[in-house]
Structures are given as structure tokens and as C-alpha cells.
């Protein structure tokens, strides 16, 4: 008898949201096979709906669709991993400067809440949700900067970063050692664009230093087990 779906879904968009969250929280691993029949069974939808969802995720770089083989959670190569963080290093420091100069009281409160939730997840030893929240913190900065085209690029890069970190993260306990988000928040409070830009540069360099950019082995957890965690 089929297991219940993790959440009730009715559309391709629902599946995209569920699978994207699972990727960001590292419940599904890079390289995992996404069989249309299995995904449809888990979520209780047709293969046509599943196919739409997987094609949508392929457009954002989270899924790779291979002819005659099917769909897989994307598995960035070492070169692709470096390119993702090089692109972030080009975009995010200037975006942080713009955000610091625009940030209002409501923006500060939202960022404070992200940091609070991130620390709460770490206190519960939930590294996956903490990493997802960390990525959302960067997305919020891009939103505050009010540069819509760049925000779209940054959101996609941060999604791809979730895959990179799942594969190449070297020191998971280093999450607890980083105070970069607090320092960025202080720069935003004082609307100090110079500091925000330099802090973001240093933060991204620190993230790259915590990656072990060598080929890694794939996880063998099943898709059903991952989504029902």
C-alpha cells in the first residue's frame, strides 16, 4: 500500500515547491533519480503533472533531464560548483551595498527573524533547515536591494548553491561558527553600504573555503524516505 504524500498536492507547482524545499533542506541528494511513476505515487498525481513539475525544475537548474534515462536531482560538477560561487561573488557584494542603503525598519525585522529561525534550527541540530534559512537570508537581501533582474539571478544561484553545499560541504559544524549574518545586519541597521559590501565579499570567500571541491559519492537514501522525513 502506498505511503501518504508528505503534503496534499494538486498541481505541478505544488510538486515543485515540495521538491525544491526538500533539495534546500538536503533531504534529497544531488544525483538522486526522480522516477515519474514514483513521484506520482508519492504525491498522488498523474505522470503528466509530474513531468510538468520536473521540466519546471530543470529550468531553474535543480533537476537534470537526460534523454533515455529520465530526471535526476542535479549534481553540479566541481567546475560548476566554482562557477556558482564565482557568480555569487560578482553579484552579491554590490547587492548587499544597495540593500544596506535602502533597508527600512520592516526589512531589518525580517532579517532578524531569519537569523533567529536559523539559530533555532541549529540548536535543534537541523542543519538542512538551517542552510535553507541561510539561503533565504541572502534572497531577502536581494529583495531589499530592489534590483529585480539581479534578484532573479541570485535566487537561482542560491538554489544551485544548495546542491553544491550538499555535495561538497566540508565542515558542517562551521555553520555555528559564522557570525557573518549578524555583522551584515549591523551594517544594514546603520545603512553602511561600504561595510555591507565588504562583509558580503568576506562571507562568500568563507563559504567557498568550507567546500571540499573534489568528486563526492552519491547518497543512497530513497526518494520516498527523503520526502517523508
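The values are calculated or read from the model by the stated rules, or taken from the named source; none is laboratory data. Please read all numbers here as calculations on a predicted model, not as lab measurements. Every residue, glycine among them, receives a Cβ derived from its backbone with ideal geometry; neighbour counts consider all protein chains shown.
Go over the candidates 49, 39 one by one and state the one that is over 19 Å from residue 67 (Cβ atoms), outside any loop (DSSP other than H, G, I, E, B) and modelled with pLDDT of 85 or more.
Unique residue meeting the criteria: 49.
Kindly indicate whether residue 39 is touching a residue at least 40 places away in the same chain (Cβ under 8 Å) and not assigned by TED's automatic domain parsing to the domain that holds residue 162. I'd like the intermediate steps shown before the answer.
Working: touching a residue at least 40 places away in the same chain (Cβ under 8 Å): yes; not assigned by TED's automatic domain parsing to the domain that holds residue 162: yes.
Here the answer is yes, as residue 39 does meet what is asked.
Being surrounded by 15 or more Cβ atoms within 10 Å (Cβ to Cβ) and either more than 21 Å from residue 213 (Cα to Cα) or more than 16 Å from the chain's Cα centre (by Cα) (or both): is that true of residue 81 here?
Judged against the criteria, residue 81 is not a match.
Do you know which residues across region 209-229 are at pLDDT 80 or above, surrounded by fewer than 17 Cβ atoms within 10 Å (Cβ to Cβ) and closer than 18 Å to residue 75 by Cα?
212
Looking for something in contact with a helix residue (DSSP H, G or I) (Cβ under 7 Å, 6 or more places away or on another chain) and part of a helix (DSSP H, G or I) - is there at least one such residue anywhere in region 58-68?
No; the residues of region 58-68 include none that is in contact with a helix residue (DSSP H, G or I) (Cβ under 7 Å, 6 or more places away or on another chain) and part of a helix (DSSP H, G or I).
What pairs come up if the first residue lies in region 102-127 and is free of Cβ contacts under 8 Å to residues at least 40 places away in the same chain and on the phi > 0 side of the Ramachandran plot, the second is surrounded by 11 or more Cβ atoms within 10 Å (Cβ to Cβ) and assigned to a loop (DSSP other than H, G, I, E, B), and their beta carbons are under 9 Å apart, counting only those six or more places apart or on different chains?
Close Cβ pairs (under 9 Å, with a partner that is surrounded by 11 or more Cβ atoms within 10 Å (Cβ to Cβ) and assigned to a loop (DSSP other than H, G, I, E, B)) do not exist here.
Please work out if residue 16 is within 22 Å of the chain's Cα centre (by Cα), at pLDDT 90 or above and either assigned by TED's automatic domain parsing to the domain that holds residue 153 or not in a loop (DSSP other than H, G, I, E, B) (or both).
Here the answer is yes, as residue 16 does meet what is asked.
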